[in-house]
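Structure first, then comments.
The values are calculated or read from the model by the stated rules, or taken from the named source; none is laboratory data. Keep in mind that what you see is a predicted model, and the values were worked out from it rather than measured. Note: ideal-geometry Cβ built from the backbone for every residue, glycine included; neighbour counts use all protein chains shown.
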C-alpha cells in the first residue's frame with residue numbers, strides 16, 4: 001500500500017501499510033493510535049512507526065503523488081489547493097497545505113498531488129514587503145503550481161484552482177508554461193491615479209448573461225435555486241509598488257470574470273465571486289466554463305471535512321511530538337483521499353476514479369460493498385442505485401482486496417443486515433474467566449449481551 005515510503009526497510013514500510021489500511025477501515029471514527037492499533041501490540045507498532053526518525057511525511061506524499069501521476073494521462077486535471085489548520089495556538093500553530101487532482105469532466109478525485117506543513121510561532125507582517133516571495137509562507141502557492149506541472153505532466157490540460165489567499169502577483173507571473181490558473185480575487189488593485197480600481201471596474205461592466213444556478217446546501221444554509229449575473233473583461237494587473245518589483249514587466253494580462261447573485265433571499269449573503277484567470281474569455285459560454293471549473297474547488301473542502309470534523313478529527317489529536325503528529329496527519333490525508341474516491345465510486349460515475357489505486361478493492365458480497373461505501377461516505381447523499389450495480393462498477397475496474405479488506409467487508413455485511421449483532425472479540429480478548437461459568441460468545445449471530453454456556 002505504502003511501499004517505498006522514504007526508502008524504509010521492509011519492516012518499517014509494512015508498518016506504514018498497516019497504518020494506512022487501519023485509517024481507511026476506521027474512517028469516520030476519529031484518529032487515535034490506540035484505536036488504530038486494535039490492541040496493545042498494534043498500538044506499540046504504530047507508535048514506533050510514527051516516532052521513527054526515518055519516517056518522513058514528505059516521502060509519504062511523494063509516493064502518493066507518484067501514484068496520482070499514473071492516472072493523469074489524457075485527462076483535464078484540476079489541481080485544487082488550500083490550507084487547513086491542524087493545531088491552532090493563538091496566532092500560530094501547525095497548518096497543512098494540500099493539493100489534490102480532480103478530473104474536470106466527472107469530478108472524480110484522481111489522487112493527492114502535494115502536501116506540506118507550515119509551523120507558525122509569530123507573525124512577520126512588518127517585514128513582508130521587504131522580503132522576496134521565496135522567504136514568505138505565501139510561496140507555498142507557487143510551489144503547489146510547480147508540483148502540479150511535474151506530477152500531472154501527462155495530462156491533457158492542467159488548471160490550478162485556489163481561493164482568495166492565492167491572489168498573489170508572482171503566482172501569475174511565475175506560473176509554469178503548461179498550467180492555467182483560476183483564482184478568486186482578494187485585492188482591489190489600483191490601475192492609476194485617474195483610473196477606477198479593479199473592483200470598481202467590475203461593478204461598472206454590463207451584464208453579459210444570466211445563469212440559472214442551484215446553490216447546494218451547507219451548514220447554516222438551505223439549498224436554493226437562484227440566478228447569477230455574469231460579467232467579464234480583460235485586465236492588465238500592474239506590479240505591486242515595492243522596490244522588489246522594479247525589474248518586473250509592466251504587468252500581467254489576465255481575464256476577470258465577475259459572477260454575483262441577483263436576488264438572494266432575505267437574511268442570506270448573496271454569492272459574489274471575482275475570478276482572475278489565464279484562460280481567454282471573450283463570450284458568455286467561456287465565462288460560464290471558468291465558473292464551472294471554480295465550483296470544483298468545493299471538492300477540497302469536502303476532503304478537509306473528512307479529514308477533520310466528519311472523519312478523522314485530526315484537530316482532536318493530543319500528540320505533543322510534532323514529528324509524530326505530522327506523520328500521522330499526512331497519512332490521514334492520504335487515507336482521506338482514498339475514502340473520498342470510495343464515496344465518488346458510490347455516488348458518481350466510477351469510470352476511472354479508483355484507477356490510481358488499482359489492485360485494492362473487489363468485494364465478494366454486494367451488500368457488503370454497499371455498506372462499506374456508506375460507512376466511508378458518512379452523511380453524504382444516499383442513492384437508490386442497487387448495491388449490486390455499484391459493486392459491478394468497482395469489479396469492472398479489476399480491483400482485488402487484500403485479506404484486511406475482506407475481513408472489513410464481512411464485518412460491514414454483518415452490521416448492515418443485523419445491527420444488534422455481537423462484534424467478534426480480538427484474539428487477545430477471547431479468554432475464559434476462571435470463576436465464571438459462561439464465556440462471551442464469539443458467534444456472529446448471537447444477540448448483544450447474551451451469553452452461551454461453555455462448549456456452546
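List of remarks:
- The test for being modelled with pLDDT under 90 and either outside the structural domain of residue 209 (by TED's automatic domain parsing) or touching a helix residue (DSSP H, G or I) at 6+ places or on another chain (Cβ under 8 Å) (or both) holds for residue 311.
- Taking helices (runs of 4 or more DSSP H) as the structural unit, those lying wholly within segment 28-93 and holding at least 2 residues that are in contact (Cβ under 8 Å) with a residue 40 or more places away in the chain, under 22 Å from the mean Cα position of the chain (by Cα) and farther than 26 Å from residue 293 by Cβ correspond to 57-69.
- Among the residues here, residue 188 does not qualify as surrounded by 11 or more Cβ atoms within 10 Å (Cβ to Cβ), assigned by TED's automatic domain parsing to the domain that holds residue 293 and in a helix (DSSP H, G or I).
- Qualifying residue in segment 114-126 (condition: in contact with a strand residue (DSSP E or B) (Cβ under 8 Å, 6 or more places away or on another chain), buried (at least 22 other Cβ atoms within 10 Å of the Cβ) and within 20 Å of residue 303 (Cα to Cα)): yes
- Here residue 178 passes the criteria (1) in contact with a helix residue (DSSP H, G or I) (Cβ under 7 Å, 6 or more places away or on another chain); (2) more than 27 Å from residue 271 (Cα to Cα); (3) modelled with pLDDT of 95 or more except the one numbered (3).
- Residue 54, sole failed condition from (1) buried (at least 16 other Cβ atoms within 10 Å of the Cβ); (2) modelled with pLDDT of 85 or more; (3) over 17 Å from residue 333 (Cβ atoms): (1)
- Filter pass, residue 225 being touching a residue at least 12 places away in the same chain (Cβ under 8 Å) and loosely packed, with under 12 Cβ neighbours inside 10 Å: yes
- Look at (1) closer than 19 Å to residue 259 by Cβ; (2) in a loop (DSSP other than H, G, I, E, B); (3) touching a strand residue (DSSP E or B) at 6+ places or on another chain (Cβ under 7 Å) and you find that residue 229 fails only one, number (2).
- Which numbered condition residue 30 fails, given (1) surrounded by 15 or more Cβ atoms within 10 Å (Cβ to Cβ); (2) closer than 25 Å to residue 97 by Cβ; (3) outside the structural domain of residue 116 (by TED's automatic domain parsing): (1)
- The sole residue among 281, 290 that is crowded, with 18+ Cβ neighbours inside 10 Å, under 23 Å from residue 202 (Cα atoms) and touching a helix residue (DSSP H, G or I) at 6+ places or on another chain (Cβ under 8 Å) is 281.
- Any hit, segment 189-210, residues being under 27 Å from the mean Cα position of the chain (by Cα) and without any contact (Cβ under 8 Å) to a residue 24 or more places away in the chain: no
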